[in-house]
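First comes the structure, then the notes that go with it.
The values are calculated or read from the model by the stated rules, or taken from the named source; none is laboratory data. The shown structure was predicted, so the numbers you read here are calculated from the model rather than taken from an experiment. Counting neighbours? That spans all protein chains shown, and the Cβs are built from the backbone with ideal geometry, glycine included.
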Amino acid sequence: MMVRNVFWGLFGFVVMTAQNGFAQNHRFPLEPAGKYVTAYYDLGGTTDWNCGKETYAGHTGSDFGVGSWPGMGAPIFAGAAGTVTATHDGEFDQCTSGTCAAANYVKLQHADGKVTLYTHMKKGTVAVAVGQKVTCGQQLGGVGSSGPSTGPHLHFGINAGAGYDDPFTGPCGGPLMWWVSQGTYKGLPSTKCDGPAEPPPPPKYPVFTLGTAILPIDGQSTDLITDSGSAGIFDLGVTQSTVMVFDVKNSGTAAGANVTLAFWVEFPYVAVAEWTIWDDWEHPGTFELNDTNDKQTIAHENPGETFKLNVGGMSPGETKRIRLVVVGTAESIGKADHPDVRMWVAHVDNYYEKADFWSGYNNVENYQTYNGGDLRVWSEVDVFCTPTLCPAPPEPDMSEPLPDTTSNQTDLHNTLDVAGTDLGVAPNPDVAASDDLLNTGNNDDLGDGTGVDTDRDLTQMDPSQDTQSFIIPTGKGGDGSQNAAADLPFEPSSFGARGEFRNPPTESAADSGCRLGPYHPQGGWGLSNLLVMMMIAISRRVR
Ligand SMILES: [Zn+2]
């Protein structure tokens, strides 16, 4: 009874799968070169499927020769995906009598109900285990002459539920063919696996995507000045600093080695006071100092105009984040078209080379897909100046000698210098600036006779700036698009809110005037920044 139940259960499974139209045909289970048919399935009377005599009485499979003993060990592949249900190994494999008892073999169960048998294997070559799932074409073992065999060959048997049957179809055979393609008589079936061909794996390349953002400035509209065609452009006061972020992500499938990034800064309107390199290699999405963030070994060419950073290797999925402290150094309103900081990928070993921002690129094998392969991006700002810091030039009076504009500038610096001295600002503005201001109360030291609410200005120095997230994506892609957000390959909110912000190096108040030339990082930086914001507040009140 039990046997009958099992039989009907299996039969039902086969019928069901046949009704669903699902059937797995098989590939030729050997490499075709040097292989040939030695005996087909015997359909009765020593007759093969083509009504020939290429079989022997009672043969229940298909035999394929491998060129006698030199062919021993030729790999045997699964004809279709399946599960290993039986294996046997360890038997003598040089049988020539045809009467040796035990063979080495593998049996597979296929999802459509068929069972296949691969036998006479070479001793010690069985490469799969019971229960293991195998894919079509996966090696099962090697050809031998174990069991009832007269020389090395593969005996391939296939059973669709009613005993071993002939996978070939022809005038003397059954109506069903169980090969993907059986080929000609005495030829070999196709080695193509059943089902849709698997797509080839994508080529292994690093692929880079770029993005930018600008850190907002506390208490200041990000677009304070919307005239002069500058609507929508981030505004930065002279001597104010912001943080520009440039992200480079390797969204490809291979690492990039010796990645070099290059920057161009639109001097004299903006200058870079400091840079840091971060990466999320160890903890994706969480940024830590990059392993090559060694300022002594990185080429750092003339910050303020052009420089390069070697950021090292980039693994697939890794993002390198370059944070630049960018200072407004001269008013650009009406003078320059939105000064910007530009970044481009200058070099990736074996993949990418780009000499400068506007030059063409050498994109090996066109691996790079982002932005058409042109890896450049920029962030632009407008640099404004307060009337106090940047007074309008006096009307020229042709009846008198031209005024000495140099002395005017000098006076301004003196004023700032005095203020800075009186306030006694410590090098770290975050720590000491507020205390000094409150204690000395030098609100009027600007020399303009206007009191300033220092509390308002102190927010500028609030170290909470360190942990702000980015909300103002202002980059634009190398395609020249003005739509910054559209060029960001990531969500702006993905920028980390960790304390990566580094306070800019300090600058002496004497150097913080307008149109002074290169930014000099030395002493008193935070105060001059504060003073500018005081002046902005003043000018607002005057209006
Ligand atoms: Zn055989």
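Numbers at a glance
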{"item": "Odd one out for Pro152, checked against (1) more than 16 Å from the ligand (Cβ to nearest atom); (2) over 47 Å from the mean Cα position of the chain (by Cα); (3) buried (at least 22 other Cβ atoms within 10 Å of the Cβ)", "result": "(1)"}
{"item": "Residue in the range 30-42 that is nearest to the ligand (Cβ to nearest atom), counting only those that are in contact with a strand residue (DSSP E or B) (Cβ under 8 Å, 6 or more places away or on another chain) and not acidic (Asp, Glu)", "result": "Ala39"}
{"item": "Residue in the range 105-127 that is aromatic (Phe, Trp, Tyr) and more than 15 Å from the ligand (Cβ to nearest atom) present", "result": "no"}
{"item": "Residue count, the range 121-148 (criterion: surrounded by 23 or more Cβ atoms within 10 Å (Cβ to Cβ) and of a type in the set (Gly, Ala, Ser))", "result": "5"}
{"item": "Candidates Tyr36, Tyr40 - the one that is assigned by TED's automatic domain parsing to the domain that holds Ala111, in contact (Cβ under 8 Å) with a residue 40 or more places away in the chain and touching a Ser or Thr at 6+ places or on another chain (Cβ under 6 Å)", "result": "Tyr40"}
{"item": "Top-ranked residue in the range 50-84 [being surrounded by fewer than 16 Cβ atoms within 10 Å (Cβ to Cβ) and hydroxyl-bearing (Ser, Thr, Tyr); ranked as farthest from the ligand (Cβ to nearest atom)]", "result": "Thr83"}
{"item": "Total residues in the range 181-215, condition of a type in the set (Lys, Arg) and modelled with pLDDT of 95 or more", "result": "1"}
{"item": "Verdict on Gly157 being within 16 Å of the ligand (Cβ to nearest atom) and not in a loop (DSSP other than H, G, I, E, B)", "result": "yes"}
{"item": "Hits in the range 110-120 (condition: part of a strand (DSSP E or B) and crowded, with 22+ Cβ neighbours inside 10 Å)", "result": "Thr116, Tyr118, Thr119"}
